[in-house]
1. I'd like the full set of residues that are of a type in the set (S, T, N, Q) and within 9 Å of chain B (Cβ to nearest Cβ), limited to the range A:209-224.
2. I'm told A:Leu301 meets every condition in (1) free of Cβ contacts under 8 Å to residues at least 24 places away in the same chain; (2) more than 11 Å from every other protein chain (Cβ to nearest Cβ) except one. Can you identify the failing condition by its number?
3. May I ask you to list the residues in the range B:381-439 that are farther than 20 Å from B:Gly356 by Cα and more than 32 Å from the chain's Cα centre (by Cα)?
4. Return the only residue of A:Ala242, A:Ala283 being touching a Ser or Thr at 6+ places or on another chain (Cβ under 6 Å) and either part of a loop (DSSP other than H, G, I, E, B) or within 14 Å of chain B (Cβ to nearest Cβ) (or both).
5. If only one of A:Thr387, A:Thr417, A:Thr403 is of a type outside the set (A, V, I, L, M, F, W, C) and buried (at least 20 other Cβ atoms within 10 Å of the Cβ), which one is it?
6. Could you please find all residues in the range A:333-373 being free of Cβ contacts under 8 Å to residues at least 12 places away in the same chain and surrounded by 24 or more Cβ atoms within 10 Å (Cβ to Cβ)?
7. For A:Arg112, indicate whether it is within 13 Å of another protein chain (Cβ to nearest Cβ), at pLDDT 85 or above, closer than 22 Å to A:Met349 by Cα and out of contact with any helix residue (DSSP H, G or I) (no Cβ under 6 Å at 6 or more places or on another chain).
8. Please find, within the range B:192-205, the residue that is nearest to the other protein chains (Cβ to nearest Cβ) out of those that are among the β-branched types (Val, Ile, Thr) and either buried (at least 22 other Cβ atoms within 10 Å of the Cβ) or in contact (Cβ under 8 Å) with a residue 40 or more places away in the chain (or both).
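The values are calculated or read from the model by the stated rules, or taken from the named source; none is laboratory data. The structure presented is a predicted model; accordingly, all values stated were derived computationally and were not measured. In this analysis, Cβ positions are derived from the backbone assuming ideal geometry, glycine residues included, and neighbour counts consider all displayed protein chains.
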Amino acid sequence: MKVTRRQFVKGGMAAFTVTFAAPEFISDLARAQGAHTRNLVVLYFGGGNDSLSMLVPYNDPFYTNRRPTLAVPAGQVLQIGTDSSKVALGLHPRLTGLKQIFDQGRLAFVQRTGYPNQSRSHFYGVDIWSTADPNNSAGLGWVGRYLDSLPSPVDPLIGWNTTGSLPHVLQASHTPVPAIASPQGYSFNSPNAGAEATFERNTALRIASHVPVNRPELAFVYGSSLAALGTLDRVATVAAYAPTLTYPTTGLGQAMRAVAGAMNKGIGTRVFYVTTGGFDTHAAQNVNATNGAYYNLMATLNDALLAFYNDLKNQGLLEDTLVLSFSEFGRRISENGSQGTDHGSASAMLVMGGRVTGGIYGTAPNLNMDPNNPTLENNAGDVRLETDFRSVYAQVIDGWLGTDSVKLLGGNFRKSTLAFI
Amino acid sequence: MAKTSDRQIEHLLRRAGFGARSDELELFREMTITQAVDVLVNYDSLVDDVDALIGRPGYAGMTINGTFSPQSNINHARQRWLFRMVHTNRPLQEKMTLFWHNHFATGYNKIAGTFGAPEGARYMAAKSSEDPGQVRGQVEMLRTNALGNFRDILLNIAKDTAMLVWLDGRTNTKAKPQENFGREIMELFSVGVGNYTEEDVYAAARVFSGWNLQRPGTLAEQHYEFSYVSSQHETSAKTFSFAVYPDGGRTIPARSAADGQQDGIDFINGLAAHPNTARYLAAKLYRFFVSEFGAVNVTFVNRIANVYLQSRYDMKAVMREVLLSPEFWDESAYYARYAWPVEFVVRALKDVGWSGFSVNDALTPLSNMGQILYEPPDVSGWDAGQNWFATGAMLARMNFASTLAGNQKFKLATAVKDAGVGKTPEAMLAYFGDQLLTAPQESTVTTELNNYLHSNGAWTGADAQLQAKASGLVHLIVGSPEYQLV
């Protein structure tokens, strides 16, 4: 399945542009005068986030009954009020930073997002959330399609993927997105020094600037080489970024630091992809103990997002950015025999940013085990979707990226109650 | 006797191994294709003595602090595997082990996080002869069975200590059946996604309830191993959407707890015999050994699936058929795969030279290229093909080429002089073109490489110039797009 979904590229990769668009630098002056760019940070929770432990319906008696070891005690959640169905909700106790952001009105949760007959497979699930197409999960990523829709020539740094390999969500037909795990390590080495090294680098760039004809598979590698060599200097400026505060040393913390650096340096990037993994908590999920598995996941998330939020705020860049999370599925409501949770269905998404209208969107599931409970499915085992995830995407596409969601998603998923942006 | 051309041998060894050392070329160029394939698949007739070469002069080096302990130190295990890939005389064994490691993708970190780092390395990489309790780690099990019977591999994997941790089978109990392994054994290890239902997942979880781990004590020779805990087995009947038994039966009957282990064996037998398993494996073998370009060849899949079923899952028979198949030898299959990072690194070592190079210095570059041995990103294995070529990963390949060329700088210059090709840039370019075979180069590559050799002053052929230009040229060729195809 993994291989076949890549067949879409066959024959389609020969059209790399070899000239670079001038990066859209936004000068400090222009910024002071109110010019803003709009950056999207797509945040993937790898493994299937148990969002019931992140956004907790702590007063639902079935929550406690069905999770004898995993339930967060009501007294420990960070209360954030009730949703429109009057269900009291609280954040996981480790999310103190997100609570601050929520209180500042810049964090939104959308509850019970998913799609009909949600897949419980990690890989199929990621494909569907990435393509935004449950019927053809082998297509291009929705962010990739957005990048493809931009007028050419597109800057080779228009996107920045902070992971090692291209995620499906960024797969595009003609817009390669560089993977830059660390701006510090993004340099061209040489076995020689001085002029000889410069000759090598120039030769490598000239080789890569050529476009092989009728060899699309080889052309793909050429495009990747060119994108690497053509972006080295601008990425080097990000490596020199001095943030206004210290970021956590976690992978997510460092990725968010690079995103803030790219924004600060104005290198022209508009879409970032960051990820934090470990959410496939089948066993020893340990929501409550300090340094428990899920507790640590929340710590990583909280500390990285809070640092990012405050760093941008300190620099007046907060209004330029929107963070949108997704995960392939939520998890089973009842805990399993391993003090963990198995693959489930709908879950909550998170949206954060300087122009976000924060709050709780959608309604919490009622966790009553009655098989006819309309907020649940799978014999009341899993959370039933209330909001199609594409409606959340549509709001971001229309309201933030400024492009037509109907066209990009191949259908009208707009939902007026989701006015978080 | 018909001899095989070097071009064909190199194709065969790039796929069935990790490229060709000069001694391998010497050996195989005397054989016909059929003989060469038979030597590769019948590697059992060659002594498995590659580990005895570790530390000897003339071979790739390692960087070991303290005692070499691959059975308890994952860094040592990683170095050992790279060393084996470079120096083995059984290349197909290492290649198939890598195939299975990707197929049954299990990550060291979770095992180490559960039982501690030394135990993590032990259950992933220990060789039974070096472990105090004769533990055979998962990848060693796969190596032993690299061309074994698929049903046996599947059964071994279901009882493998690392797998029982990785997919949580150790906590699969009667009261709370654990779905993780039950799902993945169907989705990723056998029939493939779309060929089972959610109800099958629940049933498979119950089948494997009680397939847990036990450690009798904490002495060094004692260790976690598979244990069927009958009291934790769920004994009722399990019905699947597909045939589990040869007679078409879909229901594993209710059994007493004492006999319940047979459920899992029946189920694994059923999965091994499933026609979709045959097709799933055949398609995966096509992508790994034959071609990643274009669609999977249906004729190939049908034929290989048939060999798999006819031979009752004998991977040696299957691989012999794969390597002799017309699709494998078709002109379109040459250089029709994207080299995995370890394929790229090991082939570069074989092409450029290893003497004085520590394989430890390839581990961080490999990580930057997206591949850490014993640490696939998740249970579906590595995202191969074009996904290896994110820009940062491509840069890491170019930079590894630089590191290796720099490390071999003096030897390269000496080789150029010994071959008498240092007198002109053109002679040197032709020499390295022959040493470092790539997919057909775009004409601009030759032009630019030639320009590079002519840059920075007139050609003198002096030692300093040969060292600079030979290493620079090797850097550029090994880092070129054409060299990334195998």
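1. Applying the first criterion (of a type in the set (S, T, N, Q)) to the range A:209-224 yields A:209, A:214, A:224.
The answer is A:Ser209, A:Ser224.
2. (1)
3. B:Ala419, B:Gly420, B:Val421, B:Gly422, B:Lys423, B:Thr424, B:Pro425, B:Glu426, B:Ala427, B:Met428, B:Leu429, B:Ala430
4. Being touching a Ser or Thr at 6+ places or on another chain (Cβ under 6 Å) and either part of a loop (DSSP other than H, G, I, E, B) or within 14 Å of chain B (Cβ to nearest Cβ) (or both) holds for just one of A:Ala242, A:Ala283, which is A:Ala283.
5. Details: A:Thr417 fails: buried (at least 20 other Cβ atoms within 10 Å of the Cβ); A:Thr403 fails: buried (at least 20 other Cβ atoms within 10 Å of the Cβ).
The unique qualifying residue is A:Thr387.
6. From the range A:333-373, those free of Cβ contacts under 8 Å to residues at least 12 places away in the same chain are A:337, A:370-373; that's our starting set.
Correct list: empty.
7. Numbers: within 13 Å of another protein chain (Cβ to nearest Cβ): no; at pLDDT 85 or above: yes; closer than 22 Å to A:Met349 by Cα: yes; out of contact with any helix residue (DSSP H, G or I) (no Cβ under 6 Å at 6 or more places or on another chain): yes.
No.
8. Our first condition is that a residue be among the β-branched types (Val, Ile, Thr); within the range B:192-205, this holds for B:193, B:197, B:201.
Those left that are additionally either buried (at least 22 other Cβ atoms within 10 Å of the Cβ) or in contact (Cβ under 8 Å) with a residue 40 or more places away in the chain (or both): B:197, B:201.
On the way: B:Thr197: 11, B:Val201: 7 Å.
Only one residue fits best here, namely B:Val201.
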